[in-house]
Amino acid sequence: MEFSIILRLTALNALCFLGILSKDIMALEPSFDVPIVNITVVAGKTAVLPCSIDSLGDFKVVWTDQFSTLLTLGEKRIIDDERMVLDRPHTKDWNLLLHDVKYDDRGRYTCQINTMPIKTKTIELIVLGTVVWTDRWSTLLTYGDRRIINDERISVERPRLRDWNLLIRDVQYSDQGNFVCQINTLPIKTNSVLLNVLVPPTILDSSSNDLTAKEGDTVTLTCNVSGVPKPTVQWFRKPHADSRDQHKERVKTSEGHYGNRLSDDHCLYTVSHRGVGINGETLIIHNITRYCDGIYECVAFNDVPPAVNRVISVMVEFPPEVWLVNQKLGQYVGKETILECKVTAFPQAVSIWKFQNQDLFNSFKHRIDVYQDRGHMLTLSLRLPNVTREDFGQYSCYASNSFGMDEETMILYEYFPPTTLTPAVTATAIPRHTTTINKRNRLFKSTIYNENELIPYNRTLNGHNPGAPYSGRQGYNTGQTNSHHVGLLIFSSILSSIYLFDTSCFMML
């Protein structure tokens, strides 16, 4: 009886012990310490697949890939791939290291414990394929984020993890073309980028320089340009720096001419079209004259700043042209007189004054001065400080250069002071009262002149009375005005005679 009780107590204690032991065993089953994560890695780098286990005990840990291929068992590598290594920085860590990751390594990897049932942890490996940049000739420029080509202007820019931008500094026209960004997948994935390079205009050294032409020649001005897109060339012209008018004007199409025919005052132009330039790179000046010289400027622009220009100076050689301010000039004896002529020529001419076909030079009787005027014009001044009767006569302004000569003459004559002239019939002899007469008789009214207003008549000049004396640097001939006054005086005398005759006839009746 006592033995039976003891046996029952022993069995009960055993059951309690087994229950407690079973509870402890259930509490010590392995578990994964790190939550499930996805791993992203760039091809060529090293991927770490984490697997941390608590209370592993005597259980085994294995790694398999997406095809259930056994990779590791415990700490031993099973697959024949030296890139795979089991990494255990801590006792509970069973991390799988994959060196030099390839794009084909992407997929699902599983860390599992051989419990009953089996416990697993799945990790998704995302592999970013290696990005390669090539140019239009398939030259390898970059591999990953490394530059391969020996061109320091090229680099890979990655503002974000997924960006693989190709950066080209100091872009040149030769860089234009098709660039390919490709990923080394199977099959290879590509993305093409077309680079168009805009080039600002440039005027080439083969363009025209300053030139000198003879009057009547045909002159060709060239402004060779380059740029992308093709620049437009426009022509402008302004006078030389020594001219008064410094306004620059565009060479424009004249009315009545067709597209490429241009006219500007005395100049006829032709524009030669090259490429897509509207006005053309070549400007032709036909039968060039002295009025066509100046500063020509070609301006090239293609909407890519900055615009560029080239200045070409065109000089035209032509024979002299002489122009006199006065053809006749009267002056008193003993007065100072200045004779002037203007000479236009290029190159500048040899200009002299002549008197009675004899060259004049600076002396006590003559002073010759030259004043530079605008353009190619100069003024040749002859000063006579004290005119004598021997100085009256014909003066000539003469100019010549290698292209010709020109000469103009003028007369310097003596001016006589006015004298008092008493008319045969004076205006005061004419009655000014009104008289009643028969209708068939006519009454003529005569203008009465003041003696101070009368101009003397000099028979020695054959009826020609010169004008007012020379004053300053200009002389004027007023002979026509004086003749008019003399004519009025004669006409007034005739009218007075007719009036007296008519009155006497009336008294006889």
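The values are calculated or read from the model by the stated rules, or taken from the named source; none is laboratory data. Here the structure is a predicted model, which means the values were calculated and not measured. Heads up, the Cβs are rebuilt from the backbone with ideal geometry, glycines too, and the neighbour counts pull from every protein chain shown. Accessible surface is based on the protein model in full, side chains and every heavy atom, while ligands, DNA and RNA are left aside. Shrake-Rupley method; radii C 1.70, N 1.55, O 1.52, S 1.80 Å.
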Is it true that some residue in segment 31-42 is part of a loop (DSSP other than H, G, I, E, B) and more than 13 Å from Cys111 (Cβ to Cβ)?
-> no
Qualifying residues in segment 33-62 (those that are more than 17 Å from Gly129 (Cβ to Cβ) and hydroxyl-bearing (Ser, Thr, Tyr)) - the one most open to solvent (accessible area, probe 1.4 Å) = Ser55
Residues (over 30 Å from Lys248 (Cβ atoms), surrounded by fewer than 18 Cβ atoms within 10 Å (Cβ to Cβ) and either among the acidic types (Asp, Glu) or without any contact (Cβ under 8 Å) to a residue 24 or more places away in the chain (or both)) located in segment 298-354 = Glu336
Starting from segment 109-131, take each residue that is without any contact (Cβ under 8 Å) to a residue 40 or more places away in the chain and list its partners that are open to solvent by 10 Å² or more (accessible area, probe 1.4 Å), counting only C-beta distances under 8 angstrom and pairs at least six apart or across chains.
-> Ile118/Gln112; Thr120/Thr110; Thr120/Gln112
Tally of residues being closer than 30 Å to Thr232 by Cβ, assigned to a strand (DSSP E or B) and open to solvent by less than 50 Å² (accessible area, probe 1.4 Å) across segment 160-192 | 2
Scan segment 364-382 and give yes if some residue there is open to solvent by 40 Å² or more (accessible area, probe 1.4 Å), among the hydroxyl-bearing types (Ser, Thr, Tyr) and more than 30 Å from Val314 (Cβ to Cβ), otherwise no.
-> no
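Does Ile288 satisfy the condition of being touching a residue at least 60 places away in the same chain (Cβ under 8 Å), part of a loop (DSSP other than H, G, I, E, B) and either acidic (Asp, Glu) or in contact with an Asp or Glu (Cβ under 8 Å, 6 or more places away or on another chain) (or both)?
Numbers: touching a residue at least 60 places away in the same chain (Cβ under 8 Å): yes; part of a loop (DSSP other than H, G, I, E, B): yes; either acidic (Asp, Glu) or in contact with an Asp or Glu (Cβ under 8 Å, 6 or more places away or on another chain) (or both): yes.
So Ile288 passes the test.
One line per residue, one yes/no per condition, for (1) assigned to a loop (DSSP other than H, G, I, E, B); (2) under 41 Å from the mean Cα position of the chain (by Cα); (3) farther than 20 Å from Gln66 by Cα; (4) at pLDDT below 90:
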position: Leu97; (1), (2), (3), (4): no, no, no, no
position: Thr110; (1), (2), (3), (4): no, no, no, no
position: Lys121; (1), (2), (3), (4): no, no, no, no
position: Val132; (1), (2), (3), (4): no, no, yes, no
position: Arg136; (1), (2), (3), (4): yes, yes, yes, no
position: Leu141; (1), (2), (3), (4): no, yes, yes, no
position: Asp151; (1), (2), (3), (4): yes, yes, yes, no
position: Ser155; (1), (2), (3), (4): no, yes, yes, no
Scan the strands (runs of 3 or more DSSP E) fully inside segment 301-384 and keep the ones with 3 or more residues being under 30 Å from Leu204 (Cβ atoms).
-> 308-324
Of the residues that sit in segment 193-236 and are touching a Phe, Trp or Tyr at 6+ places or on another chain (Cβ under 7 Å) and open to solvent by 60 Å² or more (accessible area, probe 1.4 Å), which one is nearest to Arg147 (Cα to Cα)?
-> Val193
